Structures are given as C-alpha cells and as structure tokens.
Ligand SMILES: Nc1ncnc2c1ncn2[C@@H]1O[C@H](COP(=O)(O)OP(=O)(O)OP(=O)(O)O)[C@@H](O)[C@H]1O
Ligand SMILES: [Mg+2]
C-alpha cells in the first residue's frame, strides 16, 4: 500500500504529518476562541481535497468560504512556511459547493421527514415516550397506506387525522390521545417558527452529489453555512448532523484498510450535537462513530473544550489537535487536566504549562502511528492554508452559488404530491361533488328511510373509514382553521417573548 500523508505543521525538530490511512480514525480540534481552530480545520480540509478525498464541513461563522479562493501573500505566512520547511507551497483555491438551509448563503439543503425518521424527529422535538410512540405509529401508518411524508405539512395533516380516528386505529397502532397529538403539533409549530419548514422537503440532499472529485482530482469540499442554523435552530442543526451521520453509515459499503479515507466530515460547534441530544441518541452517535470507520469515513469534531465531547466518543478520536486553553475557571482547569491526561506524554514537554502558552495557529498535536497507537504529543506550528483565510464577499458568494454545477438541481422548490397535497386536492374534488349532489342525497335519504322502515334490522357494524376518506375530512378542517393556527402562533410568540 502506498503511503499518503497530510502535512499538519512543524515542531521544533520535524514536520508533523497525518498518515492518510489513519484518517478514518477520526479526530478532535479544540481550543479557546481565536486560537486557530477554524484555520486548522481549513488546512485539513484542503489537504484531504488535495489527495482526492471529498469533504463536508459545517461553517459556523461563514469564514470557510475562503477555501474557494487562492490565499494572499503575507509575511506571517512566509514565516510559517519557512519555519515548517514547506516545499512547493502555492496559493490555490479548492473546488467547493456552498450549502445553506435558509438558501441565502448557498444552495438549499433539505431532508424529507421520512428520511429523518421517527427517532431523530422525536429527539428534535423533545417528545416524551408516549408522544414518540405516536410519532412511530404515524410513520407506520404512512408506510402502510403508501403516503409520502415529505414536509411538515404532511406530518401535521397525518397527525391530525390520527387523532380524529384514534378509536379505529387503536387496535393496530395503539393509543393515540388527542392531547398528546396536540402536544406534538405544538412542538412542530415551534420548530416551524425556527425555520424548520425550509429544512424539510425536496429536493432532498443526495450523498452521491457531494462525494465526488473534480477533473483535476481534487476532492469536492461541501461547505454548509451554519451561521443561522446553529444560532437560530441549534436543534435542527444537531438533527441534520445526526441524520447525515446515519445516512453515511447506512449507505456506504464496508471498505478494508485503505490508503486514504473515502470521505471526511468536520463538525464545528460539536457541543451542540451532544448538549441537545438525549442519552439514547448520544449512545447512537457513539456507536456510529465507532462503526463508520470501517466505511472509510473520518469524523472530525471542532469544539472549545474536550469536555464538550462525551468520554466514549473522545476515546475514539485518533488525531488530537489542541490549541491554547486558558485555565481561569475550575471547568477550564478540569479541561486542561483532561488534555494532559489523554495525550501520550512527551518527556520534553510540560503539557499543563505549554497549553496556556501556545500562540495563535499553534497547537499540541498527536497523530496515530501505523500500529494505531498515538504518537508522542508535539508542540506544533500549524501550516498556513493555501486558500484564503476568512470569508469571501457577498458578490463572490452569490457568483459561486449560481455557477455551481448543482445549482439547477437543488435551487428549485419541489412540492411533490405527498400526503397533504394529494388529500387536499381530493378533498376539494369531493367538496365539489358534494355540492352538486346535495339535493340528490336529500332524496336518497328519504328513500332509504322509507326502505329501512319496511326492512328487517341489520348489523350496525361500520367498516373502517379508509385513510384517504377520513383524511379528506380532517384536511378540510385543517385547511379551514388557518386562522386558529395564526392565533396559536401569536400566543406562542408572546410566550417566547418574540
Ligand atoms: N495555521 C495558521 N496559519 C496562518 N494564520 C493562522 C493560522 N491559524 C490561525 N491563524 C490566524 O489566526 C486567526 C484566528 O484563527 P481562527 O479563526 O482559526 O480561530 P478560531 O479558534 O477558529 O476562533 P473562534 O473560536 O473565534 O472561531 C486567523 O484569522 C488567522 O489570521
Ligand atoms: Mg473558528
């Protein structure tokens, strides 16, 4: 197997490289604000792209869009190049696609409700066990009746229908109390207010579109602008990352030991992933992180303190890049101790002391050696990026979005006929028919009444109203109650202090 390496930076004695065959053993970039985490993420993303590995990064402050432009010369960059002893350094851009759930900073990124699935949705909505049970039943019912759950409208109309028909559904799908359904729909409303209605729908994000290389062999860098997403809807952000991980896990084939990974993901503000997730979900993340390695996927978390990452996951992160930490508070001190305990010690280095002295773009680094054991920690000056540090201006950004080969595929609103549309249309037709035949029905009623009076009694059993029929009725009701919805929104708005 040929050996491919990625240059991270230089210590006083040597260059520090990451063996690409170990890049699927994951990693952590941590450090206080302004210490160089994002630039470190940038140089790693660049390097993976250079060796033909496609990359996915979440960009919390919009600064990673600089990856699309060549860097600018600067004396400080030259000093780094010289200190590290980099040969053949050139300023160059990387092929990238910009994504944004809110469609402003990139191509819209969407996921359907059915792709997201009941587990992630339950977590996203913070449902209790009873409510989760109903959500699972809702997905089962949609499957059984062949209805598509694409967006929030579909999910809501389905839930309303279930509450209306709870009695008939009880034996097959369990107890569906209207108060629980109301609680779920209230939570959906909050999510909608956070902009999640833009996130759920089609065209859904397709992994095959992003795991590619360009004609010169550079891996595509997918940059998800999560500026808004992480601050306005941290739960949606976490849910997306979780969905993304499980999607990769479920869809990629097993690969043996390989010279380099198939795909690498960087998750910035990783603490959001764990803070907002239930214990069950954190266990699931831990499991996926452990198993996804064999699919050739490397996951890199970026966060301020290693304490933000659950211990079981921390233990699985092979590459450790620790930027400066300040030990002001007891929590800071604990973080410093954790770092000191988890690095493989270097007799020439006092970790606890050095960690407070590291300059910007400098870090304590430990990589995995060929046998899988961690290398001795080294104080490392991180290499400068070849692409631009900091964000592109807005014109350049809009230009990049429009010129993207994926533009026509993703920049369109598809509202395919799914549960809501289909049933709404049918409901309208039905209403029309009802109008026309009202008189006839009146006559028919009279005739039946006469007939009944003359006939012996029959069983009172009534067949289960078909899903479509009943949905038509409840959809009609929900269509008619937009006013009610608005009142609820107003109420919620004032409760939440908006
Ligand atoms: N490897 C590097 N080469 C050159 N300059 C660097 C490097 N690392 C950091 N810098 C300089 O330091 C600045 C701050 O770095 P960066 O934005 O990566 O910090 P950060 O830890 O991500 O901060 P925050 O927590 O605020 O996001 C950069 O804008 C850049 O000027
Ligand atoms: Mg940063």
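Just so you know, all these numbers are worked out from the coordinates, no wet-lab data involved. Please read all numbers here as calculations on a predicted model, not as lab measurements. We place every Cβ from the backbone using ideal geometry, glycine too, and count neighbours over all the protein chains shown.
Structure notes:
- Shape descriptor for region 121-197: Rg over Rh equals 0.94 (Cα atoms; Rh from the Kirkwood inverse mean 1/r).
- With Cα atoms, 0 to 90° folded angle of helix 37-50 axis to the chain main axis: 90
- Nearest-ten-degree value, helix 279-292 long axis tilted from longest Cα axis of the chain: 60
- Using bins of 10 Å that start at zero, the share of Cα-Cα pairs per bin across region 73-191 amounts to 11, 33, 18, 10, 9, 11, 7, 1, in whole %.
- Helix 467-480 vs. the chain, principal-axis angle (Cα, 0 to 90°, nearest 10): 80
- DSSP bridge pairs, the chain: antiparallel proportion in percent, nearest 5: 40
- Ranked packing of 136-142, 440-446, 278-284, most packed first, by mean Cβ within 10 Å: 136-142, 278-284, 440-446
- Cα centroid separation, region 337-376 to region 1-52: 14 Å.
- Span from the region 113-184 Cα centroid across to the region 293-318 one, whole angstrom: 33
- Counting Cα-Cα pairs of the chain in 20 Å increments starting at 0 gives whole-percent bin shares of 21, 46, 23, 8, 2, 0.
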